[in-house]
Amino acid sequence: MIYLDANATTPVDPLVIDAMLPFLCEHYANPSASHAAGRVARRATDHARGELAALLHAEPEEIIFTSGGTESINAVHASVRSLWPKKPDLIITGTEHPAVLESAARWRKCGGKVVHAPVHADGRVDLDALRAAVKSGGTALVSIMWANNETGVIAPMHEIAAIAHAAGALVHTDAVQAAGKFPLDVKTAPVDFLSLSGHKMHAPKGVGALYVSRRVRFEPLLIGGGQENGRRSGTENVPGIVALGKAAELARRHFDDGTKARIHAMRDRFEHLVHAALPDMRIHGCPTHRLHNTSLLCLPEIDAAGMLILLDQQGICVSAGSACHTGTLHSSHTLEAMGVSARDAACTLRFSFHRFNTKAEAETAAHAVIAAAHKLHAEKGDDSVVITI
Ligand code: PLP
């Protein structure tokens, strides 16, 4: 199998598994327990909290462990909705993940207004339109993702935070696709809330974190036993938290050891090979502000659903559109917000690489895409597609 669907989920790093296993087998005590075994579990969660804080340049007390990106995002939106005195505005973009889009729908249901800041054709938010949309005293929250799950487009979070703060609004960023892929610093990009997820950074599914700046108030989504300093009740998922802490430590180590450049080079090699054979190929998303692992390819007139099946038959796992939340193919709201036609969207596939991929896999995948394009082209009997052999 060649797994090129890392933006949907990543393989768990063996070192992460090694770190978490003792907390399933030996150190299974409840970290709230006052006995020695409980203290072992408590120390492990504290250590993991320190690792997450280091990853974000935050303080440990600003980190709350959650069940993943979706919970973190829901918690932020619910908290701001409940603490803001009047029915406030929320500003998002049309390229957000459904966790944000659905939270925005809830916001609307509760009587608040939701404003969509437009994005340019390259997927980057229109900062002038954002500046015009943020209203002093009227906008409670600007919630914009740091990196997009489909295109990989990276947002200028420091500028977004400055625009929102100038009008007194709070800033949340969905950093689920950014965390672990490049260094994040909540001091230089001073967001108030940041959501991240373990399974996008080589930890298991079902664990995530929420950064809440010390500067802001927070109303918990989950109440009960008062864990996480009263900010997220529920017995801690200690093995998951330990895994996330280890994943954060490894991510920081890999920022400096050439891993990013290696993934970048294999992604570029893949795009180069496909482009050389299929010169009509286009890449969605800003070329200069794009995740180094993501390639959202449009092969005009070549049906992505057919391509997906042919690649699957070769054991190559990729996705069409934003498939990380359903098993079905559907039109991409992200591409729609970028003004991409439905026809081109139906010819778009996402390849997302990770650190365990090899250059040989990238090359095999490129050749499989080219062969599948030939096949689909021949089946269609269409001579409008340019294929260079
Ligand atoms: N935000 C983005 C950008 C994502 O890609 C995902 C993953 O599907 C989520 C949020 C949701 O994260 P989780 O799967 O941890 O709930």
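Only the coordinates and a few stated rules stand behind these numbers; no lab work does. No experiment lies behind these values; they were computed from the predicted model shown. All Cβ positions, glycine included, derive from the backbone under ideal geometry; neighbour counts span all protein chains shown.
Observations on the structure shown:
- Under the combined filter of DSSP loop state and at most 10 neighbouring Cβ atoms within 10 Å, segment 129-188 retains these trypsin sites (Lys or Arg not before Pro): 187.
- Of the chymotrypsin sites (Phe, Trp or Tyr not before Pro) found in segment 328-376, those that fall in a DSSP loop while having at most 14 other beta-carbon atoms within 10 Å are 356.
- Candidates 35, 367, 27, ranked by Gaussian network fluctuation over the chain, Cα under 10 Å, top entry: 35
- Seen against the Cα atoms of the chain and their longest principal axis, helix 98-109 is set at about 60 degrees.
- Taking chymotrypsin sites (Phe, Trp or Tyr not before Pro) across segment 190-290, none is in a DSSP loop with at most 13 further Cβ atoms lying within 10 angstrom of its Cβ.
- Only Lys, Arg (+1) and Asp, Glu (-1) charged, at Cβ; segment 101-220 dipole about Cα centre in debye: 400 debye
- Stokes-Einstein D in µm²/s, Kirkwood radius over Cα pairs - the chain at 20 °C with 1.002 mPa s viscosity: 99 µm²/s
- The helix-based estimate of mean residue ellipticity at 222 nm for the chain, built from -39,500 (n - 2.57) per DSSP H run of four or more residues and divided by its residue count, is -12000 deg cm²/dmol to the nearest 500.
- Pairwise inverse Cα distances across segment 177-309, averaged and inverted, put the Kirkwood hydrodynamic radius at 18.0 Å.
- The chain: antiparallel DSSP beta bridges as a percent of all, rounded to 5: 55 percent
- Put the Cα centre of segment 116-165 next to the Cα centre of segment 235-295 and the gap is 23 Å.
- Inverse of mean 1/r across different Cα pairs in segment 34-147, Kirkwood, Å: 16.3 Å
- Exceeding the 29 Å Cα-Cα cut-off - candidates 205/359; 86/181; 187/246; 135/200; 181/205; 200/359: 86/181; 135/200
- Each label was represented as a point 7 Å from its Cα along the Cα-to-Cβ direction; for residue 185 and residue 375 these points are 4.8 nm apart.
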